[in-house]
Amino acid sequence: MPVQHQWDYLFAIGTIFAALDAFMIGANDVANSFATSVSSKSLSLKQAVLAAAVMEFLGAVLVGARVTSTIKDGIIAATSFQGNAGVQLLAFTCAIVASSTWLTIATRLSWPVSTTYSIVSSIIGVGIATGGWSAPQWGWNGGKGLATIFAGFGIAPGIAGGFGIVIYSLIKYGVLVRDDPTKWGLYTAPLIFFLVGAVLTMAIIYKGSPSLGLKDLPSGTMAAAIVGTAAVIAIFSILFWLPFVHARVVKKDHTIRWYHFFFGPLLWKRPAPQDAGEHNFVPNYHIRPENDIDASAPAPTGENTDSEKGDEKEISEIQETSAAAQPSNLADQVEAHPIVGPWILPKNLWIIARHRVFPFIVKVLTHGSSVDIHAMQSRKGDKDAERIASIHARARQYPNDTEHLYSFLQVFTACVASFAHGANDVSNAIGPFSVIFHVWHTGEISGSRTPVPIWALAFGGGMLVIGLATYGYNIMRVLGNRITLMSPSRGFSMELGSSITVILAAQYGIPVSTTMCIVGSTIGVSLCNGDWRATNWRAIGWIFLGWVMTVPIAATFSGCLMGILLNAPHL
């Protein structure tokens, strides 16, 4: 059948709200994925946005189709619509409207909710409004029903927390608390790279794009690919990463630049400069000042020397002088370039475009990636700042030299988590949208084998990235250091534990919540501090409440909307 132009308005509404849903998933869920990396200072906010732009998009496009099918088909059977394609189109349009609206409200209120549960609950609502209480697949339904999805409510945080505990305990007792932890960190790093490489390979194979057919490979071939790829990554870490980090951290060679990484083994013989150690450029990953619990650890290597402080003061004065000589904001730009005569003159139009419109657009687009997340998380100047500081004081901080090793690993792991997230959570917006597009385009009921267009996955992946870049900070500010003290070693363990859980869930077609996985993993790693008071249980409770409230709110909204439209009087 040809395109159903009588339903153009429903397709337009569905497209707009699918874009909004994907945008808010980026601002809410993708922010969860990178909150640990930004909070631990392994990545700046701008670097996190760049990493997400690549990995989220690739994950969505390459391996997003399988979980999208589960969201689209497993909750409501196509027979519930009694062969009426228009009703199915209306149902999924109402679902995406309800889901995106709830996510917008929650994100605006800095409430990290489950975007998976939001769309699932919305589909439940329209299913009940269409076919009654029996319409949704309440049971297990071969691993695709609601019982499977809601089982993840407790299973996902529990499994992720378990993985987080195991991974961080191995790092803590195998490296961090030992004498000369930096040496042990270097010794064990290739094993960590091997593990992360294996996880990434499993993400690609087990959730492989149908067009590649990787999931149909023989089990022996899969095992060889996983082990072989992980081994290659570990070997590359030995050849290139180890000598590079050894020169930076152990030799204190301040002349090392990023491109020296490709010198590989030649760096072992590279002599350190005579003033090595005088200029320490290992970042300070410590979140708070040193206290008694850190007494056995070396002083922060990122602490500035007197000479460095003098240099910083001089640089600061230069920056202040430079800032005073240039317009600092949009108001200054307007004052420095006044409009003379009618605004319609070409010269004035150029001034308006260059010094008013363009700076305003740049400010809007870059604001989300230039805010100070750490100041927001510490609640500086807020009445809650003292409580957050007390929570941080109960978690030990380890030497910056050692933590620096795990900052590299955390960036690698953040990319794995981002790839897995793009594959898993793009389905929350594109699943319903694929139904809307199929029905509008063909006039037929969308069944279990309806293909998901690649352009739709690319569209969803793009909106995920834009959401993180422009509004993700509003969720990041209530995560990370607001839950427990962060560091690269802790953040690495949290992200790897969470991504392993997401990959296992996607392997079995179970759409779990990335929010639940990262929060569960964060709790697990926080418990390894040995003091339950090192965790912000109030924040955890607030997040858990958001998960619970998502179900009735989204389901009621979508169900009422569907019921009103379906039964509205008409001529």
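The values are calculated or read from the model by the stated rules, or taken from the named source; none is laboratory data. What you are looking at is a predicted structure, and each value in this text was computed from that prediction instead of being measured. In this analysis, Cβ positions are derived from the backbone assuming ideal geometry, glycine residues included, and neighbour counts consider all displayed protein chains. For the accessible areas, the whole protein counts, side chains as well, though only heavy atoms, and no ligand, DNA or RNA atoms are used. Shrake-Rupley method; radii C 1.70, N 1.55, O 1.52, S 1.80 Å.
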Can you bin segment 1-67 into rounded, prolate or oblate? Criterion: square roots of the alpha carbon gyration tensor eigenvalues sorted a ≥ b ≥ c, rounded for a/c under 1.5, prolate for a/b above b/c, oblate for the rest. prolate
Counting Lys +1, Arg +1, Asp -1, Glu -1, what net charge surrounds residue 246 among other residues with beta carbon under 15 Å of its beta carbon? +3
Please work out how much accessible surface residue 376 shows to a 1.4 Å probe, ignoring ligands, DNA and RNA, in Å² rounded to 10. 60 Å²
Protection proxy ranking, peptides 358-371, 454-467, average beta carbon neighbours within 10 Å, highest first: 454-467, 358-371
Given R₀ = 41 Å, FRET efficiency for residue 441-residue 350 by Cβ-Cβ distance, to 0.05? 0.40
Work out the FRET efficiency for residue 134 and residue 258 from their Cβ-Cβ distance, taking R0 = 35 Å, and round it to the nearest 0.05. 0.05
Residue 225 and residue 533 label points (each 7 Å along its Cα→Cβ direction) are spaced in nm at 5.2 nm
Estimated distance in nm for a label pair at residue 385 and residue 54, the labels positioned 7 Å out from Cα along Cα-to-Cβ: 3.7 nm
Using the Cα gyration tensor of segment 348-433, with a ≥ b ≥ c the square roots of its eigenvalues, what is the shape: rounded (a/c below 1.5), prolate (a/b larger than b/c) or oblate (neither)? oblate
Values of log10 I(q)/I(0), in the order q = 0.19 Å⁻¹, for segment 225-269 under a Debye, Cα-only, solvent-free model: -0.56
Return the ratio Rg/(2.2 N^0.38 Å) for segment 379-489, where Rg is computed over Cα atoms only. 1.58
Which of the residue pairs 172/269; 183/269; 46/269; 41/252; 172/383; 252/363 have a Cα-Cα distance greater than 29 Å in the structure shown? 172/269; 46/269; 172/383; 252/363
According to a simple spin-label model (label point 7 Å from Cα along Cα-to-Cβ), what is the distance in nm between residue 545 and residue 284? 3.6 nm
Gain upon complete extension [residue 371, residue 293; 0.36 nm per residue less C-alpha separation]: 25.0 nm
Which order do the peptides 150-159, 432-441, 4-13 come out in when sorted by mean C-beta neighbours inside 10 angstrom, highest first? 432-441, 150-159, 4-13
Sorted peptide list for 235-246, 123-134, criterion being average Cβ within 10 angstrom, highest first: 123-134, 235-246
